[in-house]
Amino acid sequence: MERPELRRRPARRIERTHDEPAFVLHAHPWRESSLILDVFSRHHGRLPLVAKGAKRPHSQLRTVLLGFAPFAASWSGQGEVRTLTRAEWTGGVPPLAGLPLMCGFYFNELLMRLLPREDPHEALFDAYLQALIRLGEGEGAGAARPWGPLYASRQQVEPLLRGFEMELLRELGHLPELHLLSTSGEPVREQGLYRVDPQRGVLEHHDEDASTAISGAQLLAIADARWEQAGALRGAKTLMRELLGYHLGTQPLRTRQLLIDLHQL
């Protein structure tokens with residue numbers, strides 16, 4: 001009779017994925033000629049892939065595995081890190097430069113820090129893609145417009161920044177329902193004063209110091225992305241900083257500081 005410890009364990013099934021829409025969020029060298037990629041894919045979420053030979057001078061992968069360049073990824077493997085078997089550039093995102101490029105790095109750092117591995121979020125992937133397209137079109141098409149680049153200043157990119165931050169928090173379940181009080185479910189009133197707690201949601205503001213409150217009008221404008229309303233972007237910036245800071249912990253975002261430095265310059 002065969003001893004239990006000598007029984008052959010069933011072989012793990014090799015997983016294969018073909019032509020998955022993806023972006024490279026980060027890459028670092030592995031061995032002499034390869035790369036370990038942190039990839040954001042539409043149907044499989046964020047996952048690590050090894051790109052063998054990608055650093056070789058004549059590798060086709062060198063021109064495909066670039067930041068903010070959409071590509072169709074195929075991979076296979078059994079373990080946590082799969083092997084990239086093919087990558088084809090799909091296009092559709094104009095090159096980023098200047099401030100839009102910094103915004104793209106900011107998006108990537110948020111995804112790297114907050115998005116768990118292999119946790120698919122198709123709506124978030126689509127929001128990321130559309131944000132990059134809008135950033136690229138604003139920068140790249142600016143020279144052809146008589147009024148100059150669409151996103152020439154930080155104030156002009158802020159709606160995209162705030163929109164992506166909100167979509168990220170919403171997809172991860174970290175964005176409270178901004179239209180309603182979390183304690184009673186009553187609708188937020190434009191004339192009211194509120195605060196947003198990262199754990200408890202929207203609460204009425206009872207502190208005598210109104211400087212720490214957000215008005216109901218601002219809160220409703222943020223919830224509906226009505227950025228043209230006075231105070232909406234300013235309120236959203238403060239709110240997103242508080243919510244993201246709570247979930248990011250004590251380690252600051254490097255790209256946020258770079259954006260602040262660039263704005264000061």
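Listed residues Ala141, Ala127; which is of a type in the set (Gly, Ala, Ser), modelled with pLDDT under 95 and not assigned by TED's automatic domain parsing to the domain that holds Ser41?
Just one listed residue meets the conditions, Ala141.
Taking Pro57 as the residue in question, decide whether it is in the same structural domain as His28 (by TED's automatic domain parsing) and in contact with a Leu (Cβ under 8 Å, 6 or more places away or on another chain).
Answer is no for this residue.
Among Gln156, Gln218, which is out of contact with any strand residue (DSSP E or B) (no Cβ under 7 Å at 6 or more places or on another chain) and at pLDDT 90 or above?
Selected residue: Gln218, the only one of Gln156, Gln218 that is out of contact with any strand residue (DSSP E or B) (no Cβ under 7 Å at 6 or more places or on another chain) and at pLDDT 90 or above.
Does Leu66 satisfy the condition of being within 16 Å of Tyr128 (Cα to Cα) and assigned by TED's automatic domain parsing to the domain that holds Glu20?
In short, yes.
Looking at Gln155, is it over 24 Å from the mean Cα position of the chain (by Cα), under 25 Å from Gln130 (Cα atoms) and either assigned to a helix (DSSP H, G or I) or not charged (D, E, K, R) (or both)?
no
Here are the criteria: (1) at pLDDT below 95; (2) out of contact with any Phe, Trp or Tyr (no Cβ under 7 Å at 6 or more places or on another chain); (3) of a type outside the set (A, V, I, L, M, F, W, C). Tell me which single one Arg113 does not satisfy.
If we test Arg113 against (1) at pLDDT below 95; (2) out of contact with any Phe, Trp or Tyr (no Cβ under 7 Å at 6 or more places or on another chain); (3) of a type outside the set (A, V, I, L, M, F, W, C), just (1) comes out false.
Taking the residues in the stretch 1-58 that are touching a Ser or Thr at 6+ places or on another chain (Cβ under 9 Å) and among the hydroxyl-bearing types (Ser, Thr, Tyr) as candidates, determine which candidate is modelled with the highest pLDDT.
Within the stretch 1-58, the match that is modelled with the highest pLDDT is Ser41.
Answer yes if at least one residue in the stretch 16-34 is farther than 27 Å from Leu114 by Cβ, outside the structural domain of Glu122 (by TED's automatic domain parsing) and of a type in the set (Val, Ile, Thr), and no otherwise.
no
One line per residue, one yes/no per condition, for (1) farther than 15 Å from Gly163 by Cα; (2) in the same structural domain as His174 (by TED's automatic domain parsing); (3) among the basic types (Lys, Arg):
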residue	(1), (2), (3)
Arg189	yes, yes, yes
Arg195	yes, yes, yes
His206	yes, yes, no
Gly216	yes, yes, no
Leu244	no, yes, no
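The values are calculated or read from the model by the stated rules, or taken from the named source; none is laboratory data. Computed from a predicted model, the values in this text were never measured in an experiment. Because the Cβ atoms are built from the backbone with ideal geometry, glycine has one as well, and the counts that use them run over all protein chains shown.
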